[in-house]
Amino acid sequence: MADGSSYARLILESILSCSPELEVVGLASNGPQVLETLRQRKADVILASADLRRNEQLLVFKQIFSECPTPIVMLIEKEKLSLELLKEAIDLGVYGVVLKPGPAARPAYRTLAEEICRKVAAVRDTAYWDPSKRLCVLGEEMQVLPQPTQRELRNATADTIIVLGASTGGTQAVEQIIRQLDPKLKAAVLVAIHLPPKFTHSYARRLKGMTDLTVIEGRTGLIPKPGKVIIAPGGRNMVVQTVMGNTSSLKISLNEDEEAVHDLPSVDQLMVAVAQSGVRRVVGVVLTGMGKDGTAGVAAISQRNGGHVIAQDEASSVIFGMAKSAIDSGNTDKVLPLSEIGPYLNRYVAAEQQLVSTTDVNS
């Protein structure tokens, strides 16, 4: 039985020991301990957590498979389970999966005591020695169907990211755009408005009532997925960072820039970070506001492949500063009244999605 948590090891050992047909022959907290135990004592089954220390990319399971082949029943959080992971896991000797019950810090394993014992005991009698058959059974049990495409499995980040930047009058402008966005929008929307700390939490909550899209205040680690609107927290800069070196797979990161205290969250920093990523398309939208924040950002977006820039027109702007600066830079593709920006974004994203689908079919 292998888990990095001493609490989990204690509970799981207690659960397994209560079954008359099971005997716990060893406990381990990390990969090397698992291998050392297997070298010293024969085990019929390993009950192991997928997030075991040193098990990145299932490295521990690979070592077990190559050095001491032993069937594994894998404990894993539902959010981390995917068909791609299952495919790799079953080829490494995973014969069963148990979804960890909450809370994350101390999973309530006793609520699954019967399931855990049943799956551990069943390994020795299973008829599914063929990896393809095990995949079928586990896939149905985990309800991973309908199966996502291979592209979606590799990269949960949206193909298209829209960055909205604003200042004075920006909250009302963003509200109007969010109301008009397609509830099934195949794009992520990142919003940076010059607002003080603690204001954006209630603002994000208000936006939730205006759309069926997922609206959330930004925090470190969030993935900009399709249909998600992420609001930069007031008083902090929000940017994106690559995940595992994959430039098209992104996560949110937050920082404070003392040199830009008057333009927090910074529209420029967010736009530039997204523009420099490897996502297929980036749309920059500069709305009403005072100053020039966003001008450097739209320059970065316009210079990259798949970049598109929109600015709000003077007539519909409360303060025609940020948008005017972006327009004067010569890096805007469209200048639109506020009422037309939302519908235009819907059409643009839908058209690009159709183009990608056609390209995929032809290829």
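The values are calculated or read from the model by the stated rules, or taken from the named source; none is laboratory data. What you are looking at is a predicted structure, and each value in this text was computed from that prediction instead of being measured. Note that we place each Cβ from the backbone using ideal geometry, even for glycine, and neighbour counts take in every protein chain shown. Keep in mind that these areas ignore ligands, DNA and RNA; they rest on the heavy atoms of the full protein, side chains included. Shrake-Rupley method; radii C 1.70, N 1.55, O 1.52, S 1.80 Å.
On inspection, Lys334 qualifies as under 27 Å from Gly227 (Cα atoms), open to solvent by 60 Å² or more (accessible area, probe 1.4 Å) and basic (Lys, Arg). Is it the case, given these coordinates, that Ile116 is within 30 Å of Thr247 (Cβ to Cβ), open to solvent by less than 50 Å² (accessible area, probe 1.4 Å) and modelled with pLDDT of 55 or more? In short, no. The lone criterion from (1) more than 19 Å from Ile178 (Cα to Cα); (2) touching a residue at least 60 places away in the same chain (Cβ under 8 Å) left unmet by Thr242 is number (2). Filtering the range 9-44 to residues that are under 11 Å from Cys117 (Cα atoms) and among the β-branched types (Val, Ile, Thr) leaves only Ile15. Scanning the range 205-230 for residues that are of a type in the set (Ser, Thr, Tyr) and open to solvent by 70 Å² or more (accessible area, probe 1.4 Å) yields a total of 2. Within the range 80-92, the set of residues being open to solvent by less than 10 Å² (accessible area, probe 1.4 Å) and either under 18 Å from Ala8 (Cβ atoms) or of a type in the set (Gly, Ala, Ser) (or both) comprises just one member, Ala89.
How many residues does the range 181-199 hold that are acidic (Asp, Glu) and open to solvent by less than 10 Å² (accessible area, probe 1.4 Å)?
0
Go through (1) in a loop (DSSP other than H, G, I, E, B); (2) surrounded by fewer than 16 Cβ atoms within 10 Å (Cβ to Cβ) for Ser202 and report which single condition fails. For Ser202, the exception is condition (1).
Take Gly330 and tell me if it is assigned to a loop (DSSP other than H, G, I, E, B) and either at pLDDT below 95 or not hydroxyl-bearing (Ser, Thr, Tyr) (or both). Judged against the criteria, Gly330 is a match. The residue that is surrounded by the fewest Cβ atoms within 10 Å (Cβ to Cβ), among those in the range 24-79 that are of a type in the set (A, V, I, L, M) and without any contact (Cβ under 8 Å) to a residue 24 or more places away in the chain, is Val25. Counting only strands (runs of 3 or more DSSP E) that fall entirely inside the range 231-302 and contain at least 2 residues that are crowded, with 24+ Cβ neighbours inside 10 Å, the qualifying elements are 237-243, 281-286.
For the range 6-21, give me each residue that is open to solvent by 30 Å² or more (accessible area, probe 1.4 Å), in a loop (DSSP other than H, G, I, E, B) and touching a residue at least 24 places away in the same chain (Cβ under 8 Å).
Residues of the range 6-21 that are open to solvent by 30 Å² or more (accessible area, probe 1.4 Å), as a first pass: 6-7, 9-10, 13-14, 17-18, 20-21.
With the extra rule that they be in a loop (DSSP other than H, G, I, E, B), the set shrinks to 18, 20-21.
Scanning the range 6-21 gives Cys18, Glu21.
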